[in-house]
Amino acid sequence: MTNIFWVALKLCPPIVGCTLLATTGVFAAEPMLPSCCNLASLVKKIETCAGEMNCGTSEQSLQNPGILAPRGQKHEGVEKKLVAQITQPEPKTHTLPASSLPSTPAVSQQLNLNSLSVMAVPRIAPKKALRAIDASQINAGTEELSDPLAQVTSVSQLSDVQPTDWAFQALQNLVERYGAISGYPDGTFRGNRAMTRYEFAAGLNAALEAINQLLSTSEPEGVRQEDLATLQRLSADFGTELAQVRARIDTLQARGDELEANQFSTTTKLNGLVSFNVAKANAGGDVRVERTDPNDIFSTAARGADGKPIVTTVEEDANLTFSESIVLFLTTSFTGKDNLFITLQAGNGNTSANHYTSAGFYGTFGAPVLDLTPSAVANDLVLSEAAYSFPVNDSLQVVVAPRILWLRYFDTNSFTSGAGKGATGNNTFGSPLVQDPGRGAGAFVLWRLNEQLNLNLGYVASPAAGSPSTGLFNGTRAFTAQLTYSPIRTINLRFLYDRSTIQPVDGQIRTRPIMGAADDGFGGALEDATADTFGFNFDWLATPRLGFFGRYTYAKTHLEPATRGVASGDIRAQSVQLGVAFPDLGKRGAMATLAYVVPFSVLDGRQFLVSGAGDGGIEYEVELTYYLPVTDNIAILPAFYFVGNANNFDDNPNIYVGTVQTQFSF
């Protein structure tokens, strides 16, 4: 309302005050209308004011001598009050909690093998939300709803209305006579806010309903006859606007009914991602691999009679592959602040580049994250995530899960992603030394220290935590801490520490931070290993069209032989990644990335590696990826990978991999 409306409020409290029931939006598109309408004696002024296209639209117009009267008349005393009480800056429009209506499907901030996720989806209640429709949304035709107004039973409940205010008595009369005043949820009235003709019409509509309700009670004498006469005249004068307001309310109600009738669930939101993957890898010659059978990409690593790792040669070219990956996200909220995440996956991917990998390197170089088979049998549906998160307070959140996706919360990056924008290869979307698909049950604490610092703490055990022989604290497990520092909005610096205990499989350690497989150096079995991993991860949006990103990870894995008398030892390794991103390249919403990565550079302890050491070479990979959104729900992701010194053999030929993913999201 403008200050002019305050004048009208003082002159005509019962009528104009009732209009406040639905006038909460802030819009400047319509000409402002001061409601200068006392009773029948002011009808002429109402007609004149309603016809003015520039009534009360600015401080300058308020100072115009003729603004409050028919042309040629002046009300200088009132004008002085108005000029002394110039409208304050308009407040921000408040919105209802997202639980009111279904929202647009949210986009995952980080989708990958361990982090296929969607944003939290609160509870849905369309009809309840429609009760809080305000005039500003009717005016704008929007589907968003503002915060519901709080009914006022005493004018003292309005924190910004003081007994010294010149309109205090008018407000008090409205509350006592008609109960026709509502305030904002924060307990304010905001009497200086501007209003439009549509807002006035919506308020008038609410006033009519309030009067009708009073007339239908046992005490109709509580309504003044002069007020009824004024309402009738206003109804006629604003007949067109009232009809439009009612039509828009009916439209919104119909939309709400349709949403309620067709929604998936009142508490759960379903999103999905389907990816069609085409891949072809070629090598410049025969490729040396550390696996026992060159024709079986799943064969294990072993030592020969000489105690050295067995090395075989892949001579055949890799074939073109065409696979699919399907991910379903069920996100449930019971309170509007908590979230229950259920993620289901199926697929039959086995990307072409796997043809050239050593044991333990399967699904690493030249492999998009979604080109995989998440289950033991192709196309079987498996549970990838079952986690519940809830807030402790505004800055602290807790996540508990029998099946948790570690990379939803750790080692994320704005320019790398398992699915969607950014580098999408298995060696680039996260550090090769910390991502671990085998982790399962655990709990996380997410703590927002301030606007620049976030601390995430987590404990995760393997999926075997559900077995009584292993439990939550007796199998492969890890504790992770990550501190994220964002000095400015466009820079994120992440510092990560991971302490893990790793159980051997068939006597070998085959889990990150080791790429490949390790034994006691003589072909013997190992006991549980422990590893300390330190990581640094950054992304920087230098300009709206240029970004930089990178990672550095150092890991030390301590090996304890099962055979007595065999010395223990450590494997020390590092991983390096640098990249550049080009947001909106060629099309809004698109992104191109160029990344260079050294996934597994062995610094010490090479003698323990039965696979992964190669001949001492250092594998490196260059990835060029382009994310092209075709529509809001369809995107194409071509990618090219160049792999040098594959499997850490410096005499291996170069490997070239081309992939194309077509992604359908809903």
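The values are calculated or read from the model by the stated rules, or taken from the named source; none is laboratory data. This one's a predicted model, so the numbers in the text were calculated from it and none came from an experiment. Ideal geometry is used to build each Cβ from the backbone, glycine not excepted, and the neighbour counts take in all protein chains shown. Remember, those area values only see protein heavy atoms, side chains included, never the ligands or the DNA or RNA. Shrake-Rupley method; radii C 1.70, N 1.55, O 1.52, S 1.80 Å.
Tell me which of these Phe600 doesn't satisfy, since it passes every other one: (1) buried (at least 24 other Cβ atoms within 10 Å of the Cβ); (2) outside any strand (DSSP E or B); (3) not small (Gly, Ala, Ser). That leaves (2) as the condition not met. Quick check on the range 610-633: of everything there that is assigned to a strand (DSSP E or B) and touching a Ser or Thr at 6+ places or on another chain (Cβ under 7 Å), which residue is surrounded by the fewest Cβ atoms within 10 Å (Cβ to Cβ)? The selected residue is Glu623. Please work out if Tyr656 is surrounded by fewer than 17 Cβ atoms within 10 Å (Cβ to Cβ) and part of a strand (DSSP E or B). For Tyr656, the condition - surrounded by fewer than 17 Cβ atoms within 10 Å (Cβ to Cβ) and part of a strand (DSSP E or B) - is met.
Residues of the range 335-379 that are of a type in the set (A, V, I, L, M, F, W, C) and free of Cβ contacts under 8 Å to residues at least 40 places away in the same chain: Ala346, Ala376, Val377, Ala378.
The one condition from (1) open to solvent by 10 Å² or more (accessible area, probe 1.4 Å); (2) at pLDDT 95 or above; (3) closer than 25 Å to Ile655 by Cβ that Gly363 does not meet is (2).
Within the range 637-666, residues that are more than 16 Å from Val369 (Cα to Cα) have Cβ atoms under 8 Å from residues that are part of a strand (DSSP E or B) and basic (Lys, Arg) in these pairs: Asn647/Arg288; Phe649/Arg288; Asp651/Arg288; Asn652/Arg288, counting only partners at least 6 apart in sequence or on another chain.
State yes or no: is Asn413 modelled with pLDDT of 95 or more, closer than 24 Å to Phe479 by Cβ and surrounded by fewer than 24 Cβ atoms within 10 Å (Cβ to Cβ)? Criteria not met by Asn413. A single member of Ala581, Ala573, Ala590 is surrounded by fewer than 22 Cβ atoms within 10 Å (Cβ to Cβ), within 28 Å of Phe415 (Cα to Cα) and aliphatic (A, V, I, L, M), and it is Ala590. Taking Val576 as the residue in question, decide whether it is hydrophobic (A, V, I, L, M, F, W, C) and in contact with a Leu (Cβ under 9 Å, 6 or more places away or on another chain). It is false that Val576 is hydrophobic (A, V, I, L, M, F, W, C) and in contact with a Leu (Cβ under 9 Å, 6 or more places away or on another chain). Within the range 507-524, take every residue that is charged (D, E, K, R) and within 42 Å of the chain's Cα centre (by Cα) and give me the one that is surrounded by the fewest Cβ atoms within 10 Å (Cβ to Cβ). That would be Arg510. Enumerate the pairs (first residue in the range 153-172 and aromatic (Phe, Trp, Tyr); second residue anywhere and outside any helix (DSSP H, G or I) and crowded, with 21+ Cβ neighbours inside 10 Å) with beta-carbon separation below 7 Å, excluding pairs fewer than 6 apart on the same chain, so at least 6 apart or on different chains. Filtered contacts from the range 153-172: Phe168/Val161. Residue check: Ala639 meets all listed conditions (1) buried (at least 18 other Cβ atoms within 10 Å of the Cβ); (2) closer than 30 Å to Pro561 by Cβ but one, namely (2). Within the range 437-449, being surrounded by 24 or more Cβ atoms within 10 Å (Cβ to Cβ) and in a loop (DSSP other than H, G, I, E, B) holds for Arg439, Gly440.
Listed by first and then second residue, the pairs with beta-carbon distance under 8 Å, at least 6 apart or on different chains, first residue in the range 237-259 and closer than 16 Å to Arg197 by Cα, second open to solvent by 60 Å² or more (accessible area, probe 1.4 Å) and assigned to a helix (DSSP H, G or I), are Asp237/Glu47.
Screening Pro463 against (1) under 24 Å from Phe361 (Cβ atoms); (2) in contact with a Ser or Thr (Cβ under 8 Å, 6 or more places away or on another chain); (3) surrounded by fewer than 24 Cβ atoms within 10 Å (Cβ to Cβ) leaves a single unmet condition, (2). Looking across the range 295-327, the residues that are closer than 30 Å to Ala401 by Cβ, without any contact (Cβ under 8 Å) to a residue 60 or more places away in the chain and surrounded by 18 or more Cβ atoms within 10 Å (Cβ to Cβ) come down to Ser323, Ser325, Ile326. The residues of the range 331-360 that are of a type in the set (S, T, N, Q), open to solvent by less than 10 Å² (accessible area, probe 1.4 Å) and under 30 Å from Pro599 (Cα atoms), listed by number, are Thr343, Gln345, Thr351, Ser352, Asn354, Thr357, Ser358. Among the conditions (1) of a type in the set (S, T, N, Q); (2) free of Cβ contacts under 8 Å to residues at least 40 places away in the same chain; (3) touching a Pro at 6+ places or on another chain (Cβ under 8 Å), the only one that Thr631 does not satisfy is (3).
Arg193 meets all of the listed conditions (1) open to solvent by 30 Å² or more (accessible area, probe 1.4 Å); (2) modelled with pLDDT of 75 or more; (3) touching a Pro at 6+ places or on another chain (Cβ under 8 Å); (4) of a type in the set (Lys, Arg) but one, namely (1).
Return yes or no: is Thr501 hydroxyl-bearing (Ser, Thr, Tyr), closer than 20 Å to Ala401 by Cα, free of Cβ contacts under 8 Å to residues at least 60 places away in the same chain and open to solvent by 20 Å² or more (accessible area, probe 1.4 Å)? When the stated conditions are applied, Thr501 passes them.
Scanning the range 249-282 for residues that are over 31 Å from the mean Cα position of the chain (by Cα) and either outside any strand (DSSP E or B) or loosely packed, with under 15 Cβ neighbours inside 10 Å (or both) gives a single hit, Asp250.
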